[in-house]
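Student: My questions will all concern the structure given below.
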Amino acid sequence: MNAMRVVFCCTGTKAQPWLDGLRAALPNADVSEWQAGAPSADYAVVWAPPQQFLDEQTALKALFNIGAGVDALMKLQLPPRVPVVRLDDAGMSVQMAEYVCHAVIRYFREFDGYAADVATGKWSYRKPNLREDFPIGVLGLGVLGQRVCAALAQFDFPVRGWSRSAKTVPGVQCFSGRAGLTEFLAASRILVCLVPLTPETENILNKDTLGRLLPGAYLINVARGGHLVDDDLIALLESGHLAGATLDVFREEPLPPTDRFWRHPKITLTPHTSARTLRDESISQIAGKIAQLESGAPIASLAGVVDPQKGY
Ligand SMILES: NC(=O)c1ccc[n+]([C@@H]2O[C@H](COP(=O)([O-])OP(=O)(O)OC[C@H]3O[C@@H](n4cnc5c(N)ncnc54)[C@H](OP(=O)(O)O)[C@@H]3O)[C@@H](O)[C@H]2O)c1
């Protein structure tokens, strides 16, 4: 019997450590880096593969994406009937919780104000903010959104969440669908974006939605740059309706050197680093799912299978 074949095709990723890790986790598999013209493997591990890869790998039993977001992959022509499986946490949710809590607490405790005072040798107290004046709204109640909500609730912030389908999440006031969005936004002072980028959520952070937040609001975008209408953010920061924004993701990455976001005094930016793919955790998750499929488990029983209709 031929060994199961696993092909690796991840643009911008050093292949060797992944190949070594996948070989160690799947000792009976033939694991190789993709070469153009190679016959189709049984499973693929991908990040931003070229269209040629997808055109050639037509006999895959599953395509594993080494990230949580599949927006870039879904824009390509995928081989018909090949299920796409994304990372399901794999060490990302705790990083996302750290990042968002850091940004929220920095705003809530006015650490920038203290830093400015210290820089001028000034010892001065600020009036403590009230948690009830800082309700937090999290767009997206998936794997990452729910972990972020739980972490924020630990600090006693009022937490609201918004998802496509109606949900009950302990400690979170839940809203759903377009009908629930207006009320959700009007009750949020800090907005955290953690929905996947799909045709339905593209440009969802715009003058209308951001304009509905409580005055002096903050935006934390850790999902995708395509969610945000950049000009609308600048206008709302300039009008004072928004007090600040923390952005980890951008329409064009790396952010071009001339972009006005770099030097805007109310914008804090990081280079798409809020929740990194952790290699060992990801390999172990993917290898575990391959083993499940090989032992006859139906694809629908796996966590993280992408619904092509919904696009996430
Ligand atoms: N910056 C980074 O480093 C980084 C790292 C990892 C991930 N991300 C981003 O984070 C996103 C979320 O990841 P995840 O693992 O939490 O995804 P997930 O588990 O698929 O959760 C997505 C959530 O968004 C909701 N949603 C999707 N479309 C919606 C719509 N049209 N209206 C309302 N709610 C909608 C879903 O609602 P339902 O529950 O009803 O389906 C779900 O609650 C990824 O897609 C990726 O873009 C960024």
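A short reminder: the numbers here are calculations on the coordinates, not readings from a lab. Since this is a predicted model, take the numbers as computed values, not measurements. In this analysis, Cβ positions are derived from the backbone assuming ideal geometry, glycine residues included, and neighbour counts consider all displayed protein chains.
Student: Can you check what the Kirkwood hydrodynamic radius comes to for the chain, Cα pairs only, in Å to one decimal?
Tutor: Numbers: mean 1/r = 0.0474 Å⁻¹.
Answer for the chain: a Kirkwood hydrodynamic radius of 21.1 Å.
Student: So, one more: To the nearest 500 deg cm²/dmol, what mean residue ellipticity at 222 nm is calculated for the chain from DSSP H runs of n ≥ 4 alone, each contributing -39,500 (n - 2.57), summed and divided by the residues?
Tutor: -9500 deg cm²/dmol
Student: What's the extension gain from Ala300 to Ala153 if we count 0.36 nm per residue and subtract their Cα-Cα distance? Spell out each step's value before the answer.
Tutor: Details: separation 147, 0.36 × 147 = 52.92 nm, distance 3.18 nm.
Length difference between fully extended and current span is 49.7 nm.
Student: On average, how much area does the Cα convex hull of segment 148-250 cover when viewed from any direction, in nm²?
Tutor: For segment 148-250, averaging the hull's shadow over all directions gives 6.2 nm².
Student: Going by how many other Cβ atoms sit within 10 Å of their own, how do Lys289, Lys266 line up, fewest first?
Tutor: Exposure proxy ranking, most exposed first: Lys266, Lys289.
Student: Measuring from label point to label point, each 7 Å out along Cα→Cβ, what is the Glu183 to Ser40 span in nm?
Tutor: 4.8 nm
Student: What's the magnitude of the charge dipole for the chain around its Cα centre, counting Lys and Arg as +1 and Asp and Glu as -1 at the beta-carbon? Answer in Debye, nearest 20.
Tutor: 540 debye
Student: Using only Cα atoms, tell me the angle between helix 15-25 and the longest principal axis of the chain; keep it within 0 to 90° and round to the nearest 10.
Tutor: 70 degrees
Student: With springs connecting C-alpha atoms under 10 Å apart, model the chain as a Gaussian network and identify which of Val148, Val46, Val169 has the largest mean-square fluctuation.
Tutor: Of Val148, Val46, Val169, the most mobile in the Gaussian network model is Val169.
Student: Further question on the same structure: Just to be sure I understand: if I project the alpha-carbon convex hull of segment 1-137 onto a plane and average over all orientations, what area do I get in nm²?
Tutor: Its average projected convex-hull area is 13.2 nm².
Student: Also, quick follow-up: Between Ser32 and His102, how high is the FRET efficiency from 1/(1 + (r/R0)^6) when r is the Cβ-Cβ distance and R₀ = 45 Å? Nearest 0.05.
Tutor: 0.65
Student: In whole angstrom, how far apart do the alpha carbon centroids of segment 198-214 and segment 233-312 sit?
Tutor: 17 Å
Student: Gain in length, Ala119 to Ser165, computed as 0.36 nm per residue apart minus the alpha-carbon separation, to one decimal in nm? Show your work: numbers first, answer last.
Tutor: Details: separation 46, 0.36 × 46 = 16.56 nm, distance 4.77 nm.
Taking Ala119 through Ser165 to full extension adds about 11.8 nm, to one decimal.
Student: Follow-up. Report, in degrees rounded to the nearest 10, the 0 to 90 angle that the Cα long axis of helix 279-294 makes with the longest principal axis of the chain.
Tutor: The two axes meet at around 50 degrees.
Student: Using the Karplus curve 6.51 cos²θ - 1.76 cosθ + 1.60 with θ = phi - 60°, what ³J(HN,Hα) values do you get for each residue of segment 30-35, in whole Hz, with x for Gly and Pro?
Tutor: 9, 9, 9, 7, 5, 10
Student: Can you tell me which of Pro170, Pro257, Pro80 moves the most in a GNM of the chain? Springs connect C-alpha atoms under 10 Å apart.
Tutor: In this elastic network of the chain, the residue with the biggest mean-square fluctuation among Pro170, Pro257, Pro80 is Pro257.
Student: Mind putting a number on the dipole of segment 1-63 about its Cα centre? Charges go on the C-beta only, +1 for Lys and Arg and -1 for Asp and Glu, and I need it in Debye to the nearest 20.
Tutor: It works out to roughly 140 debye.
Student: Placing +1 on the Cβ of each Lys and Arg and -1 on the Cβ of each Asp and Glu in the chain, which of Pro49, Gly91, Leu73 has its Cα farthest towards the positive end of the resulting dipole?
Tutor: Gly91
Student: Report the charge-dipole magnitude of segment 1-131 in Debye, nearest 20, computed about the Cα centre from +1 at each Lys and Arg Cβ and -1 at each Asp and Glu Cβ.
Tutor: 560 debye
Student: Here's another thing I want to ask about it. List Tyr99, Tyr43 from most exposed to least, where exposure is judged by having the fewest other Cβ atoms within 10 Å.
Tutor: Listing Tyr99, Tyr43 from fewest to most nearby Cβ atoms yields Tyr99, Tyr43.
Student: Could you work out the relative contact order of segment 244-312, using alpha carbon pairs under 8 angstrom and six or more residues apart, expressed as a whole percent?
Tutor: The value is 27 percent.
Student: Moving on. Among Trp123, Trp262, Trp47, which comes first, second and so on when ranked by fewest other beta-carbon atoms within 10 Å?
Tutor: Ascending Cβ contact count within 10 Å gives the list Trp123, Trp262, Trp47.
Student: Sticking with this one: For segment 52-204, what D do you get in µm² per second when you plug the Kirkwood radius from alpha-carbon pairs into Stokes-Einstein at 4 °C and 1.567 mPa s?
Tutor: 72 µm²/s
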